[in-house]
1. Stretched out fully, how many nm does the piece from A57 to R119 gain, at 0.36 nm a residue minus the Cα gap?
2. Evaluate 2.2 N^0.38 Å with N set to the residue count of region 133-225, then give the Cα radius of gyration divided by it.
3. Rank the residues I23, I165 as a footprinting-exposure proxy: fewest other Cβ atoms within 10 Å of their Cβ go first.
4. Can you tell me how much longer the chain between R27 and Q15 gets when fully stretched, taken as 0.36 nm per residue apart minus their C-alpha distance, in nm with one decimal?
5. Pulled fully out, how much extra length does the chain show between D175 and A99, if you take 0.36 nm times their separation in residues and subtract their Cα-Cα distance?
6. Considering the zone a paramagnetic label at R213 would reach in this model (a point 7 Å from Cα along the Cα-to-Cβ line), which residues of region 132-172 have amide N under 12 Å from it?
7. Using only alpha carbon pairs under 8 Å that are at least six residues apart, calculate the relative contact order of region 35-203 and give it in whole percent.
8. Taking a point 7 angstrom from the Cα of T158 along the C-beta vector, which residues in region 16-41 have backbone N less than 20 Å away?
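FYI, it's all coordinate maths here, none of it is from the lab. On a predicted model such as this, the values are computed, not experimentally measured, just so you know. Because the Cβ atoms are built from the backbone with ideal geometry, glycine has one as well, and the counts that use them run over all protein chains shown.
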Amino acid sequence: MSENTSTTPEWAARQAPDSPHIIVEPRILYFGTPVALLSTENEDGSFNLAPMSSAWALGHVVVLGLGAQGQTAHNLSSRRDLVINLPAPHQWPAVERLAPLTGRNPLPEHKRANFRFERDKFSAAGLRPEPSHLVSPPRVAECPLQLEARAMRVQPATSNDFLIIEAEVLKVHADPRIVVPGTQHIDPSVWSPLIYNFRHYFGLHTELGHSFRSETSRTSFTRTVNRSV
C-alpha cells in the first residue's frame, strides 16, 4: 500500500502556474448584486411577489435573470407589467421570509424539498401592496425605491434554465428622504441597496469616492450652491 508523503497543501495544488490566485469552483456567482422584489400579475388577477438578485440597469432598461420554472417567469411570459421594488438593508428579514415561498401550484419537482406554495406573499412577508400608476402589479409600500416597468423582451438564456428579461422602466417612485432636495437625483450618501453577496445580505459601507461623471458628489453640490447664491 502506497502512502502519500507529499507535504504540498491542498490549496497550493489548485494554484495556477505563475499566479498568486488559486482555482475554485463556486456553485454560485452572486458576487455582490442588489436584491429586488418583483411584483407581477398571476393568471387569475392576483399578484405574485418574489425576491431576486440578478439585475443590472443600463439607462432606463433593467435586465433581469430569472429561473425559467418560477411563477415570475411564467407571469412575465404573457403579462409583461411588473414592479422592481428595491428594499433597504434593514428589510432583509422580509426578503428572507419570501425566499422559501413560491407562487407555483403545483410546485415544480425541483422545489418540493425546500419551498412551499403561498398565495398571499405580501402578507407572508409582512409587506403592504401599494397601487401603481402605470402598470397592474402593485408596488411594495415599504421599499424606498420602486420602479414601474414593462418587460419588452423575454428570451431564454443559453442554458435554458433561466430567462433573460429586458424591462423598460416607466416611472420611478422614491422615498423623499433618499432624494437630493430640489433635484431629481437619488442621494448615494443616504440610499443603500440591500446587497446579496454569495447568499449573505449586506448593505453598503462608507463611500470611497465617486466617478468623474457624478452629479451628486459633495463638490458638485458646492458648485451648484455657489452658482445659485
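1. Contour length minus Cα-Cα distance gives 19.4 nm.
2. 1.38
3. I23, I165
4. Going from the current span to full extension adds 2.4 nm.
5. Net length gain for the segment: 24.9 nm.
6. none
7. With pairs under 8 Å counted, the relative contact order is 26 percent.
8. 24-31
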